[in-house]
Each structure stands twice: as structure tokens, then as C-alpha cells.
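*Asks:* I have a structure I would like to understand better, so I am pasting it below and will then ask my questions one at a time.
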């Protein structure tokens, strides 16, 4: 669920904070900024995070469905009127090397295999729904293709100018459209970075196993895993990449300002749902999960963008 109070940005004060405001000295943003670009405020463990729930959901969605018995199959060893109808259909289509006797033996199985091969079906000698449908609507054999010489020499009347089209495109330049990065894939890529040490300025493009990352390096590393290129800095990503969203969804990037002495976006993380993000924590010294609902992150929240 997208955080309900993120749209209010840094002007929202939690109920607990408001209740103690009169008794507690006000902490200015200049003091909060000393926490560094990746504060450890709100850092939580994997078990406390939303990741176990996400992984459980993905696991249940990818489980292989149990096999069901298809009672409509006709195969070797069967007998009866269904086999007789099959043998009659094969005979009418010219695929009969056995009698129409209602017994599905090896000869009938071979007839079925021959038919399946000509129809482009799975050649297993078993008559299932696809083979049954093809028996009722067989595909006619394609006309024989002309020879390469005939194909390359267009017919023309004497004195007629023939213009032949030539494809000058380079097949090697044709590339498949990149697969759309899903929120689940982005979260999984960010999760794979958990535990990598934090180091300011650390990020090497193309390195699948970085020894260290900084906060914007984590975002670059994550989206590189799903085939998306983003700007190197938080400010660059905030200004140039993706589209702004009112409320973040898992896989979106959440941005913060004033986390250290710099103008504009100064920190970001990968949103994983339930008011949580994966980010680079200078305080914890590694890539971790943080609870964004605490006052520190709410006070510095800038907005969210989708890079998908």
C-alpha cells in the first residue's frame, strides 16, 4: 500500500510528535542534516520489513499448478467407438495404415504421429484437444516454394523496366524491445543489494557484484539490473528521469531533501511498500531497509518518481 501521508511532504507532523511538541525543544532541519546522506534513522531488519510478505506473494504466484487428468485423451491401448471415429477420420484424410476396428494399436499410433507432424502439432501419438480439433479442420499443405533462382528473377515483359526492391537493413541492428521492468523485479534487484557496504562515491557501472555502493549508486545498480539507465546523482534523477507520481508503488524511487548540506534532492531509496524503502545507510554502513513513517524521513520527504 502506498504511504497515505507522503503527499503532505515535510509539513505533516505525526500525532505523537504533535503531542510532545510543547514539552520538547524544536529540532531544526540544520541539525537533522548532520545525519548524512544516508541516515540510519528508521533502519529495520529484513524480518521487520515488508520483504518477507513480498517474497511470499511472488512465490505463491509462481508455483506450478497441479496437473489435471484429461479424460478426453485417446491413446494406444484404448478401444471403442471413439477409436473407430478416429480411425475413420485418419482414413478419410489419407492417414490410414490400419483397419477401422476400434482398437488403438501401434499402427493407429503411427498414423496419428504422421498426421501430427504434418499439422505442426506435438508428435506424441496421443489424441488430445489440439489433435482432435486439427482432425476436424486440417491445415492444407503449403504450396511448394519456388526455387531461389525463380524467386530472384521477376517476370517482365520485353521492354518493361523492372525495379527490384533491395533490403539494405542490417539484421544485426534489429534488436528486440527491452522487457518492461516490473515493480517486483525492481524490488528484487534492490533486495539483492542488501548488506553491501556503504561507501560515499562508490559505484562502478556494469559491475554485477559491487564491493560497495553509495546512496545514488544503489539506485543506479538496481535499475541497471532491469535494463534501465538513470542519472548518477539524486538531483539528476529527480530532475531528468522517470515521471512524478502522487503516491509511490513498490519499485518506485522515493526522494528526500536536506539530509545533508546540499540543495534539492540529496537522498533516495527503492520503495517496497508498507511505508518502507531499501536505501544506503551511512549510519548502518550498508544497504538496509528503513521505515519511512518516522518523523526524520517524513520531514525530509521530497516526492516519488516511477522509472518503469
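*Asks:* Is there any pair with a first residue in segment 42-59 that is touching a residue at least 12 places away in the same chain (Cβ under 8 Å) and a second that is assigned to a helix (DSSP H, G or I) and loosely packed, with under 14 Cβ neighbours inside 10 Å whose Cβ atoms are under 9 Å apart and which are 6 or more apart or on different chains, and what are they?
*Replies:* That search, which allows pairs on different chains as well, returns 46/52.
*Asks:* For the structure I just gave you, tell me whether residue 201 is over 21 Å from the mean Cα position of the chain (by Cα) and buried (at least 20 other Cβ atoms within 10 Å of the Cβ).
*Replies:* Spelling it out, it is not the case that residue 201 is over 21 Å from the mean Cα position of the chain (by Cα) and buried (at least 20 other Cβ atoms within 10 Å of the Cβ).
*Asks:* Looking only at residues in segment 59-91 that are loosely packed, with under 11 Cβ neighbours inside 10 Å and closer than 16 Å to residue 131 by Cα, which one is modelled with the highest pLDDT?
*Replies:* Looking at residues that are loosely packed, with under 11 Cβ neighbours inside 10 Å and closer than 16 Å to residue 131 by Cα, I get 72.
*Asks:* Where in segment 225-306 are there strands (runs of 3 or more DSSP E), lying fully within it, with 1 or more residues that are touching a helix residue (DSSP H, G or I) at 6+ places or on another chain (Cβ under 7 Å)?
*Replies:* Passing ranges, in order: 253-257, 265-273, 276-281, 286-291, 301-306.
*Asks:* Assess whether residue 251 counts as being buried (at least 24 other Cβ atoms within 10 Å of the Cβ), over 16 Å from residue 266 (Cβ atoms) and touching a residue at least 60 places away in the same chain (Cβ under 8 Å).
*Replies:* Yes, satisfied.
The values are calculated or read from the model by the stated rules, or taken from the named source; none is laboratory data. Just so you know, these numbers come straight off a predicted model, no measurement behind them. Quick reminder, even Gly has a Cβ in these numbers, built from the backbone with ideal geometry, and neighbours come from all protein chains shown.
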